[in-house]
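Visitor: Below you'll find the structure I mean.
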Amino acid sequence: MNDLRIRAARPADLDAVLAFWKVAAEGTSISDDREGVERLVARDPDALLLAERDGELAGTVIAGFDGWRCHLYRLAVHPDHRRQGVGGALLAAAEERFVRLGGRRGDAMVLDGNAVAHHAWRAAGYAPEPQWSRWVKPLEGRQPADGLPES
């Protein structure tokens with residue numbers, strides 16, 4: 001495992017990350033495009049963590065912190081690297097980042113039907129909270145309201 005290197009993604013990595021998610025991630029997200037990932041890296045250059053082994057991308061996680069909550073997304077490990085500690089190493093790096101930033105609790109977006117992911121998250125000490133549900137509303141096509149700052 002000591003041959004695993006974890007680092008923040010750079011803009012030059014983004015096409016490889018998007019291609020990687022098509023192979024390693026379960027499902028797709030509305031933000032799985034170049035523009036969405038560019039915005040993430042521009043806003044928080046240390047949020048997208050990559051795990052590399054022998055120069056190849058082995059895993060990713062997005063460790064986003066908004067100043068109040070620690071959010072984990074897109075934990076994905078290449079099928080050839082699963083069950084080798086890549087996911088755990090990525091989550092440990094994300095948690096270290098959160099602690100440095102003053103975070104108190106990490107929460108993760110995990111698909112209900114992704115049993116492989118459930119195992120990885122439980123092994124890292126995470127558990128579902130049955131009292132919470134994710135509520136979403138797509139914002140595509142909306143324009144910022146006048147007078148409100150754009151982010």
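The values are calculated or read from the model by the stated rules, or taken from the named source; none is laboratory data. Just so we're clear, the structure is a prediction, and the values are computed from it rather than from any experiment. When we count neighbours, we look across all protein chains shown, and the Cβ atoms used for this are built from the backbone with ideal geometry, even at glycine. With ligands, DNA and RNA removed, areas are computed over all heavy atoms of the protein, side chains included. Shrake-Rupley method; radii C 1.70, N 1.55, O 1.52, S 1.80 Å.
Visitor: Whole number in Å², please: accessible area per residue of segment 55-116, 1.4 Å probe, ligands, DNA and RNA not counted.
Guide: 57
Visitor: Measuring from label point to label point, each 7 Å out along Cα→Cβ, what is the Arg5 to Gln131 span in nm?
Guide: 4.5
Visitor: Please report, as a whole percent, how much of the solvent-accessible surface of the chain comes from carbon and sulfur atoms (probe radius 1.4 Å).
Guide: Here it works out to 51 percent.
Visitor: Can you give the charge dipole size of segment 1-113 about its Cα centre, rounded to the nearest 20 debye, using +1 on the beta carbon of Lys and Arg and -1 on the beta carbon of Asp and Glu?
Guide: Once rounded to the nearest 20, the dipole reads 340 debye.
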